[in-house]
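Only one structure is covered here, and it is reproduced in the block below.
The values are calculated or read from the model by the stated rules, or taken from the named source; none is laboratory data. Not measured: the values here are computed from a predicted model. Here the Cβ is made from the backbone with ideal geometry for all residues, glycine too, and neighbour counts use every protein chain on show. The area values use the complete protein model at the heavy-atom level, side chains included, leaving out ligands, DNA and RNA. Shrake-Rupley method; radii C 1.70, N 1.55, O 1.52, S 1.80 Å.
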Amino acid sequence: GNSPASGGVKRMSTRPAGRGVLNQSESTVFRKRSRHNSPSFLPEEEEDQLTMTDPDPGLKKTRVSTASAEDLNSSSEEEEVVEYKKAPIKQASISIDVTGTVEKTPGDQETLTLWKREFSVAELPDLAEDQPNPAAAMPEGKAPHFPQQPVARQNDDGSLELECFLEASPLPDIKWFYDTTEIKQGGRFSYRLDNKGNDAFSAVLQIKDLADSDAGAYRCAIVNPHGKGNANFNLKLTGFSSPTFVEKPQISSRDDGRVMVMEFRAKSILKPTFVWQKGEEIVAESDRVKIVLREEPNQVYYAALEIREPTKEKDAGQFVCTAKNESGKLTATFTVKFEVPQGAPTFTRKPQILQKTSDSGDPAIVFDIGFQADRNPEVIWINAKGKKMKESTRIKFNLSPDGGANTFTAQLELKNYKAKDSGTYTCNIKNDAGEANVELTLNIEGPLDDGADDGSEA
């Protein structure tokens, strides 16, 4: 009769053939700390009004105070006034605390949403109230002043705009400064002056590719012949240098489905670290798991986790890769599922290794596999050295129906077995719908060079 041999089943896996080997779904999760401080506007005190009178009433002076283009390069607000009262210099201030946030789009798990950052500002006190009418002194125009609050906003492309609203006549000259350094047009910075009509204007500074290092004090300096003014912005940026996705996370396979690849690309201005986890466990490299990290041009990093011969028992579940730098972090989440297409091979019972006496009376080992499959399944046996096995005087294959619907028994009979036949054997079953594999480990005690070899290697 048949009795269990010394051996055991190492692992069992099922997968569809070709690109259909894995039916995965992947998702991306991206979280960023959000902090939002309410900013405030701090109007500067109005400049003292100075009036000078001539000791000789008969002598009329005609000097008029003016502001030149050089005044743009200075935040000094002192000017001499002779004979005429001059409109005071007005200065608007804005303090902005900016943090990055992310909106997720429900539905397709592979859809990576763009960044959305929000900005809010406090109301600006009325800077124009109680202001003398410059027309009384200079009927031909008016000094710059700010009728409403400055604003900051982010565009869909991620750029940031600082905008201040002003009234002036004639058309004022405008310069932008970062701390005390004048900002030049070009590269990441650009600015414009929009004419709104009726002596109203909008001055806009645009900053592209924001980074945490762009935080600080910005000033819009405005001057015309009748006066000058400054609008100040104090930017606090958090999370703008954290890693961002260049290519969304995805799961693919190669080598006819034998290798599963979870991969993505991220850009990081600062040097990042990448950590892979499955559940609470950190993923480590092994003979079947490979972690790939490659730095590419333009501060882009390619990160991948490769798993050879993935199985449902070991690899189904959620994998997370966290990319982190000093500014912030992002997470890429991969959900791995194994689904067998209809008609693909599946195992109907636990594979086993048996001992028996062959028809010729020789001792034999039998690998016994029960499975179900549609459409003419093909069974291939692979020996412990990874080579496809062929029938010989020692090796015999058998495939027979089990009596159920599309159920079969596949057997490998190994006669006159020796210690050198020990190792892991693989049974591969495939059809048009997919394939399944099972591995069985055989352990035979005894000297490795026992007996003569008949040339039929197992």
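When residues in the stretch 144-162 are screened for being loosely packed, with under 15 Cβ neighbours inside 10 Å and either assigned to a loop (DSSP other than H, G, I, E, B) or among the aromatic types (F, W, Y) (or both), 4 of them pass. Find the residue count for the stretch 308-330, including only residues that are over 15 Å from the mean Cα position of the chain (by Cα) and open to solvent by less than 40 Å² (accessible area, probe 1.4 Å). Result for the stretch 308-330: 5. Looking only at residues in the stretch 261-307 that are surrounded by 17 or more Cβ atoms within 10 Å (Cβ to Cβ) and hydroxyl-bearing (S, T, Y), the one that is modelled with the highest pLDDT is Y301. Going by the conditions given, is R254 farther than 21 Å from Q154 by Cβ, among the basic types (K, R), more than 13 Å from the chain's Cα centre (by Cα) and at pLDDT 90 or above? Considered against the rule, which asks whether it is farther than 21 Å from Q154 by Cβ, among the basic types (K, R), more than 13 Å from the chain's Cα centre (by Cα) and at pLDDT 90 or above, R254 comes out as no. Filter the stretch 337-374 down to the residues that are out of contact with any helix residue (DSSP H, G or I) (no Cβ under 6 Å at 6 or more places or on another chain) and closer than 30 Å to Y302 by Cα, then identify the one that is modelled with the lowest pLDDT. The extreme case among them is E339.
When S241 is tested against (1) under 30 Å from Q154 (Cβ atoms); (2) assigned to a loop (DSSP other than H, G, I, E, B); (3) open to solvent by 50 Å² or more (accessible area, probe 1.4 Å), exactly one condition is not met: (3). The listed residues are K350, K390, and the only one of them that is under 48 Å from the mean Cα position of the chain (by Cα), of a type outside the set (S, T, Y) and open to solvent by 50 Å² or more (accessible area, probe 1.4 Å) turns out to be K350.
Listed by first and then second residue, the pairs with beta-carbon distance under 6 Å, at least 6 apart or on different chains, first residue in the stretch 148-165 and in contact (Cβ under 8 Å) with a residue 24 or more places away in the chain and of a type in the set (A, V, I, L, M, F, W, C), second open to solvent by 30 Å² or more (accessible area, probe 1.4 Å) and in a strand (DSSP E or B), are L160/Q154. Annotation: of all residues in the stretch 218-233 being in contact with a Phe, Trp or Tyr (Cβ under 8 Å, 6 or more places away or on another chain) and open to solvent by 10 Å² or more (accessible area, probe 1.4 Å), the one that is modelled with the lowest pLDDT is N232.
Residue selection: F397 satisfies the criterion of being out of contact with any Lys or Arg (no Cβ under 8 Å at 6 or more places or on another chain), among the aromatic types (F, W, Y), within 14 Å of T426 (Cα to Cα) and touching a residue at least 12 places away in the same chain (Cβ under 8 Å). Cβ-Cβ contacts under 6 Å between residues 6 or more apart (or on different chains), taken from a first residue in the stretch 241-263 that is of a type in the set (F, W, Y) to a second residue that is open to solvent by 10 Å² or more (accessible area, probe 1.4 Å), are listed as F245/L112. Cβ separations smaller than 8 Å between residues 6+ apart or across chains give the following pairs from the stretch 271-282 residues that are touching a residue at least 12 places away in the same chain (Cβ under 8 Å) and of a type in the set (S, T, N, Q) to residues that are surrounded by 10 or more Cβ atoms within 10 Å (Cβ to Cβ) and part of a strand (DSSP E or B): T273/A323; T273/K324; Q277/F319; Q277/V320; Q277/C321; Q277/T322.
Within the stretch 187-205, the presence of a residue that is touching a Gly at 6+ places or on another chain (Cβ under 9 Å), surrounded by 14 or more Cβ atoms within 10 Å (Cβ to Cβ), in contact (Cβ under 8 Å) with a residue 24 or more places away in the chain and not in a loop (DSSP other than H, G, I, E, B) is excluded.
For A215, the conditions (1) within 30 Å of G328 (Cβ to Cβ); (2) of a type outside the set (F, W, Y); (3) open to solvent by 60 Å² or more (accessible area, probe 1.4 Å) all hold with the exception of (3).
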